[in-house]
Amino acid sequence: MPVGLFRVCLLVITAIVNHPLFFPKENGTVPENTEEIIQKMKEREESLRLEQLRLEQEIAHQEATQKALEEAAVVVEESKEGRVRWDMWTALSMVIFLLIELWRQDFQEGNWQDIGGEEDDMAVLGKAFKGVALPDKAVLASFYEKRILGTTGDMARMREMVEGFADDLLEALRSVCNRDADMEVEDCMGVGSMYENWRVRKPFVCDLIVPFAPPEPYCFRCHTWCSGDSFPPDEQGYGTIKVCRADEDVTGCICDKTKLGEDMLCLLHSQVSSTKPSSEMEDLLCFKNTQYLDADQVMKWFQIAVTKAWNRISHKYEFDLSFSLLDSPGALKIKFKSGKSIAFNLTPVVQYENSDVYFISHFPRSSLAADIPSSTHWFLTFAVYERRFIQLVSKTLPANACHVSCLQILSFLHGKQCSLTGPSGLTNYHLKTVLLHLLQARPSQDWAPEKLEARLQDMLKFLEKCLHEKKLYHFFIGNGKVPAELGFPIIFQRAEPLNLFRPFVLRRDIYRKMVDTFHEMLRNMSALINEYTVHIPLAHTNGIRKEPL
């Protein structure tokens, strides 16, 4: 029973609480607020949808940007790989090219003198010889005997006379110079064609070089293009001469007992105590404001000293002495009262270390040093070693060998051709260089006198090959086969070969003139030899003095 009453009361209370009129104010606005809420929910839903679209667009844009960056990175990476591959192939190609070039040069340097193995090796050369008939052995022998052989006695007498006078002149020069301030002059030496017995063209001219040294306490320090210093390609074959105190170290400290590191300073001798460019250096014939010996200053000093020396001894001689050429400061001429004259060149030089290589101030009558970079650049001459090499090789050749005869004939023909068509860049020194190469390449028996014609053809063909390639290498520089008996400095043997035809590579007009002159000489060779052979009487073969060439 009580349980039933409790259930009835609970039911009544629930009905009263849930009756709609029991809370009239709170429940009366529910229908109105529902639409507003729904509207706001729709607006919110729309804004969320728009926000979702915006976020999706941003995400898509970021993904596109990321993809583009990844693609760009891939392209860059591929380009880098391609560039690396290209650089690798380029470097490899350059290495291969350099190896081929080095091999070619080594092959040429190793074979530039190996011309004499077979006669047929020269057959591939000599295109200019097509249609050119060279004189036979009998004609060449007759031409040499009648036209060239008789000049040897004249050269010997002239050398003796010039050397004696030059020694007397230099002794007088030493007496007029101030031993404490002027350069010290040594004895002269004869070089060139007159002292190698192959000069044929008159007038005969003796070439004498005069070594000189600075007064104490100074000395010369020589630097060449192959001694490690940086020299441009057009200055190969040149060097500079620095005037220093004998007690001055190369680094500038005059204390030879102090061994300093690169970053330490000598406390006994500062930079002030080292040699500095000054008027004292100019008195030592240096270029202005430098310590480098000036070739022009040297030649001016030498001319003045020679003039003073001649004034002191002129009363002893019955002839006059004068400077013969303005462009050759050392060119002297002896004039006799009878009208005859003798010309010779007296050129000051500087010895390179303790060798017989010399720095020469200028080349008389030569185009070898026509374009000297500056007056502080001195050309190196190997004339003493060239003379010694010819003398050394001559001892191993057969009696009356034809090597000198070949050079004399070729020099004579070239001189005659130049007198007809004008001078060219080809000089007698180039012809002698060709002979030196062939002397080293050919065995001794190939220079027998009966092989004069063959060796003359070899010289012409070798010269034609050099003209075609624009390459004629200096005989000593870069030549590792120089006989050890000569005592030639190893620094020049290890140097890069020096191309004597290099100046003609960029000067096409001179090169064209040189080639044309050579080809014209080939065409006229037989006519010139026959002419000078036929029209010379036989009486001239008996030691009678020949007419001027």
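The values are calculated or read from the model by the stated rules, or taken from the named source; none is laboratory data. None of the values given here were measured: they were computed from a predicted structure. Every residue, glycine among them, receives a Cβ derived from its backbone with ideal geometry; neighbour counts consider all protein chains shown. The area values use the complete protein model at the heavy-atom level, side chains included, leaving out ligands, DNA and RNA. Shrake-Rupley method; radii C 1.70, N 1.55, O 1.52, S 1.80 Å.
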- Task: At 1.4 Å probe size, with no ligands or nucleic acids counted, give the accessible surface of Phe336 in Å², nearest ten.
- Result: 70 Å²
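Taking a ≥ b ≥ c as the square roots of the Cα gyration tensor eigenvalues, with a/c under 1.5 meaning rounded and otherwise prolate when a/b beats b/c, else oblate, which class fits region 367-512?
Values: a/c = 1.95, a/b = 1.15, b/c = 1.69.
Oblate, since a/c reaches 1.5 and b/c is not below a/b.
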- Quick one: grab the alpha carbon gyration tensor of region 445-485, order the square roots of its eigenvalues as a ≥ b ≥ c, and give me rounded if a/c is under 1.5, else prolate or oblate depending on whether a/b is larger than b/c. oblate
- Task: Would you rank Leu436, Leu55 by solvent-accessible area, highest first, keeping every protein chain in place and using a 1.4 Å probe?
- Result: Leu55, Leu436
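Taking all protein chains together and a probe of 1.4 Å, list Thr90, Thr381 from the most accessible to the least accessible.
On the way: Thr90 55, Thr381 20 Å².
Heavy-atom accessible area, descending, gives Thr90, Thr381.
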- With a ≥ b ≥ c the root eigenvalues of the C-alpha gyration tensor of region 318-357, is it rounded (a/c under 1.5), prolate (a/b larger than b/c) or oblate? prolate
- Message: With every protein chain left in place and a probe of 1.4 Å, what is the accessible surface of Asp296, to the nearest 10 Å²?
- Response: 90 Å²
- Query: Using θ = phi - 60° and the Karplus form 6.51 cos²θ - 1.76 cosθ + 1.60, what ³J(HN,Hα) does each residue of region 62-71 get, whole Hz, x for Gly and Pro?
  - Reply: 5, 5, 5, 4, 4, 5, 5, 4, 5, 5
- Would you be so kind as to identify which of Gln66, Ser47, Val76 lies farthest towards the positive end of the dipole of region 42-81, taking Lys and Arg as +1 and Asp and Glu as -1 on Cβ and the Cα centre as origin? Ser47
- Message: Which order do you get for Leu472, Leu99 if you rank them by accessible area with a 1.4 Å probe, largest at the top?
- Response: Leu99, Leu472
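Pairs to check: Lys432/Lys470; Lys300/Lys335; Lys202/Lys465; Lys416/Lys513; Lys471/Lys513; Lys333/Lys416. Give those whose C-alpha atoms are more than 21 Å from each other in this structure. Intermediate values should be presented prior to the final figure.
Numbers: Lys432/Lys470 17 Å; Lys300/Lys335 23 Å; Lys202/Lys465 29 Å; Lys416/Lys513 15 Å; Lys471/Lys513 16 Å; Lys333/Lys416 24 Å.
Violating the 21 Å limit, Cα to Cα: Lys300/Lys335; Lys202/Lys465; Lys333/Lys416.
Using the Cβ atoms and a cut-off under 14 Å, what net charge is assigned to the surroundings of Leu53, where Lys and Arg are +1 and Asp and Glu are -1? Write down the numbers at each step before the final one.
Working: positive: Arg49, Arg54; negative: Glu45, Glu46, Glu51, Glu56, Glu58.
Surrounding charge for Leu53 is -3.
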- Note on the structure: Karplus-derived 3J(HN,Hα) from phi for region 378-389 (6.51 cos²θ - 1.76 cosθ + 1.60, θ = phi - 60°), whole Hz, x at Gly and Pro, runs 10, 7, 8, 10, 10, 4, 5, 5, 5, 5, 5, 5
- Message: Under a crude label model (7 Å from the Cα following the beta-carbon direction), how far is Asn530 from Gln303 in nanometres?
- Response: 4.9 nm
- Query: Rounded to the nearest 10 Å², what accessible area does His474 show when all protein chains are kept and the probe is 1.4 Å?
  - Reply: 10 Å²
